[in-house]
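Derivation of every value follows stated rules applied to the coordinates shown; laboratory data play no part. Here the structure is a predicted model, which means the values were calculated and not measured. All Cβ positions, glycine included, derive from the backbone under ideal geometry; neighbour counts span all protein chains shown.
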Amino acid sequence: DRGFVDDNENGTIDGILVDKNENGVWELFLVDKNEDGKIDFGIIDRDEDQKPDLVAFDDNGDKKWDRYEKL
């Protein structure tokens with residue numbers, strides 16, 4: 001499942017919520033902070049306790065995580 005977020009309601013998607021196993025708990029929130037159509041970072045909930053565990057960054061825009069930070 002996916003949910004699309006438009007926080008500032010300007011018609012541009014700011015983020016995408018991803019529920020990979022379709023159990024109703026979002027495991028991943030992909031964020032396009034500058035609204036350029038590229039994901040800037042992802043907030044990851046590894047254990048599905050609805051609390052984020054990691055932030056993953058795509059620094060060079062190649063759609064692969066370049067670094068992670070624990071929360």
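Annotations
- For region 23-71, applying the loop criterion from DSSP together with a ceiling of 16 other beta carbons within 10 Å to the GluC sites (Glu not before Pro) yields Glu35, Glu48.
- The chain: C-alpha gyration tensor shape, a/c 1.5 cut-off, then a/b vs b/c: oblate
- Centre-to-centre, using Cα atoms only, region 1-36 and region 39-69 are separated by 13 Å.
- Shown in residue order for region 9-18 are the 3J(HN,Hα) couplings computed by the Karplus curve 6.51 cos²θ - 1.76 cosθ + 1.60 at θ = phi - 60°: 6, 9, x, 10, 6, 8, x, 10, 8, 10 Hz (x for Gly and Pro).
- Among Gly61, Gly24, Gly11, the largest mean-square fluctuation in a Gaussian network model of the chain (Cα springs under 10 Å) belongs to Gly11.
- Once backbone amide H atoms are built at 1.01 Å from N, Glu27 has Val18, Asp19, Lys20 as its partners under 5 Å, excluding neighbours fewer than 5 places away on the same chain.
- Using only side-chain charges placed at the Cβ, +1 for Lys and Arg and -1 for Asp and Glu, the dipole size of the chain relative to its Cα centre rounds to 240 debye.
- Pairs of Lys in the chain closer than 15 Å at Cα, counting only those 8 or more apart or on different chains: 4
- Normalising the average separation of contacting C-alpha pairs (under 8 angstrom, six or more residues apart) by the number of residues puts the relative contact order of the chain at 18 percent.
- Projecting the Cα atoms of Trp26, Phe41, Gly11 onto the dipole axis of the chain, where Lys and Arg carry +1 and Asp and Glu carry -1 at the beta carbon, places Phe41 farthest toward the positive end.
- Between Asp6 and Trp65, the contour length at 0.36 nm per residue exceeds the alpha carbon distance by 19.0 nm.
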